[in-house]
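Each reported figure results from applying straightforward, stated rules to the coordinates on display, with no laboratory input. All values reported here derive from a predicted model rather than from experimental measurement. Cβ: placed from backbone, ideal geometry, glycine included. Neighbour counts: every protein chain shown.
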């Protein structure tokens with residue numbers, strides 16, 4: 001027990017742990033919809049766009065979150081608009097829009113020739129530099145996102161499963177899509193400080209995919225994904241402390257390990273189910289009135305001849 | 001009494017292609033109508049137009065005398081083409097049926113007692129009670145059709161619209177689905193479906209519309225399933241074999257293989 005309590009004496013670790021747990025839960029919840037909508041690449045793209053926005057905001061003397069938020073949301077809306085044209089698939093729209101905004105950020109940095117600390121944190125993640133105000137923003141975004149997704153559970157599930165039918169049944173799918181884009185952008189921006197732009201896709205996808213390996217029910221998948229996000233965040237933080245490795249990278253690597261474990265569990269469960277089914281069918285065959293011991297087909301054929 | 005569906009001079013398009021122009025159509029309350037026609041002729045667009053889910057350039061769509069855009073509480077059920085469904089999605093049969101109630105005023109994620117009873121009651125009537133807790137991918141084609149039918153019926157609609165409910169299922173399931181729809185129709189519900197199975201239409205449906213970017217003909221199958229009308233609808237020769245009251249539709253140009261000659 002002492003081994004887990006010891007790092008908590010340090011304020012930077014306490015802040016980092018709280019941030020990792022909150023972002024883990026947040027990404028776990030949002031990631032379920034990202035994965036099921038087949039938008040796994042969108043988190044990666046939006047984080048690049050948000051980074052571009054943060055750089056532009058830095059040059060214009062705006063707060064990091066304002067620059068990143070405005071540009072991230074702009075990118076999400078533009079992707080949404082472009083994909084209405086059936087000739088532009090979502091992966092292509094994400095690639096074009098977010099990379100262009102990221103490139104704009106890189107171009108601005110090349111002119112400035114110095115990188116602000118908050119931009120460096122956004123690029124590679126700096127969980128140990130989390131301040132009280134960062135924690136407040138992360139907490140607020142997590143609470144708002146979770147509340148909205150809780151109250152929109154029904155419409156979000158229907159629209160994610162079958163958007164066309166949901167629209168016909170009377171769900172305002174376009175408004176819902178915009179709302180989800182906003183929540184996703186906010187989640188990506190707060191997660192950037194934890195794992196960095198380069199690894200954000202993993203933070204969004206891994207808890208959800210791990211949960212998918214463990215259940216076939218949407219409601220359970222959401223709960224599992226939140227719990228797995230929390231475990232990955234907290235576990236990654238402790239491992240990072242014990243092995244003295246970068247926190248963002250450790251969280252992602254620990255998440256990958258948990259995912260591999262879930263794939264193995266799924267594989268073993270499927271084998272056990274198959275064995276049970278074969279055994280049951282075997283029993284049915286053996287309990288059939290035509291018993292092989294007393295009914296020799298070879299003899300029957302010989303007699304016929 | 002106003003007709004269940006009335007399209008007046010409606011023009012619509014899919015992407016940049018005009019699908020049909022100045023289409024007028026009337027379907028009375030309680031009718032059971034099948035729409036047949038070749039792939040890409042606009043059957044699904046017609047269904048979506050009726051349901052108000054398709055942008056129209058001009059014309060008017062009335063459901064029970066009311067413009068479809070002005071209806072707040074839409075009382076219709078819809079079943080999409082099941083080929084477009086993601087079967088790996090983590091939902092059970094019960095979850096799918098429940099979606100039919102997701103347009104209501106309840107915001108809490110979990111089911112109320114009344115909702116659960118409605119789902120179980122309807123599942124019982126449609127013969128899928130035993131697979132309510134099963135993942136949707138682990139059910140048969142017939143059970144899947146019934147699950148989506150239950151989703152469409154659970155909000156007590158007055159109009160039921162089905163997009164190719166007989167595709168991708170075996171003959172037995174086809175007959176089961178069409179008989180089930182016949183029973184539902186006999187209770188007064190207006191039903192419209194699209195299908196490629198002319199023989200199923202000929203034997204199960206009382207009214208049919210031959211469609212190819214516009215209405216080619218409409219009437220009872222025995223009256224309009226003629227060589228001339230079907231050839232105009234499909235642009236290909238079709239043989240109709242009549243046996244008493246039954247019509248059997250066959251392709252008139254069978255392939256000839258060398259080894260058979």
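Once the mean of 1/r is taken over each pair of separate Cα atoms and inverted, region B:104-256 shows a Kirkwood hydrodynamic radius of 17.8 Å. Pick from B:237, B:228, B:86: which residue has the top mean-square fluctuation in a GNM of chain B where Cα pairs under 10 Å get a spring? Sorting by GNM fluctuation, first place goes to B:86.
Dividing the summed -39500 (n - 2.57) terms of all DSSP H runs of n ≥ 4 by the residue count of chain B sets its mean residue ellipticity at 222 nm at -8500 deg cm²/dmol. Compared with the dominant Cα axis of chain B, that is its longest principal axis, helix B:113-126 is turned about 30°.
Of the residues A:110, A:262, A:247, the one with the fewest other Cβ atoms within 10 Å heads the list, and the complete ranking is A:110, A:262, A:247.
Computed across chain A, the Kirkwood radius stands at 21.4 Å (inverse of mean 1/r, all Cα pairs). Taking A:12, A:51, A:102 as the candidate residues, the one with maximal mean-square fluctuation in a Gaussian network model of chain A, Cα springs under 10 Å, is A:12. Sorting B:134-142, A:268-276 by their mean Cβ neighbour count within 10 Å, with the most densely packed peptide first, gives B:134-142, A:268-276. Each eigenvalue of the Cα gyration tensor of the protein assembly as shown, multiplied by 5 and square-rooted, gives one semi-axis; in descending order these are 51, 34, 22 Å. Entry note: region A:149-241 has Rg to Rh equal to 1.03, where both radii use alpha-carbon atoms and Rh is the Kirkwood radius. Counting only DSSP beta bridges with both residues in chain B, the antiparallel share comes to about 60 percent.
Computed from label points 7 Å out along Cα-Cβ, the spacing between residue A:140 and residue B:60 is 5.2 nm. Each residue, residue A:278 and residue B:231, gets one label point 7 Å from its Cα in the Cβ direction; the gap between the two is 5.9 nm. From least to most packed, judged by other beta carbons within 10 angstrom and beginning with the fewest, B:236, A:47 follow the order B:236, A:47.
Taking the fewest neighbouring Cβ atoms within 10 Å as the starting point, the ordered list for A:27, B:210, B:58 is B:58, B:210, A:27. Modelled this way, with points 7 Å down the Cα-to-C-beta line, the labels at residue B:179 and residue B:220 are 2.3 nm from one another. For chain B, the alpha carbon convex hull comes to 174 Å³ per residue, rounded to a whole number. Taking each DSSP H run with n ≥ 4 as -39500 (n - 2.57) and averaging over every residue of chain A yields -27500 deg cm²/dmol at 222 nm. Look at the alpha carbon pairs under 8 Å that are at least 6 residues apart: their mean separation over the length of chain B gives a relative contact order of 23 percent. In the elastic network of chain B, a GNM with C-alpha springs shorter than 10 Å, the most mobile of B:109, B:67, B:38 is B:109.
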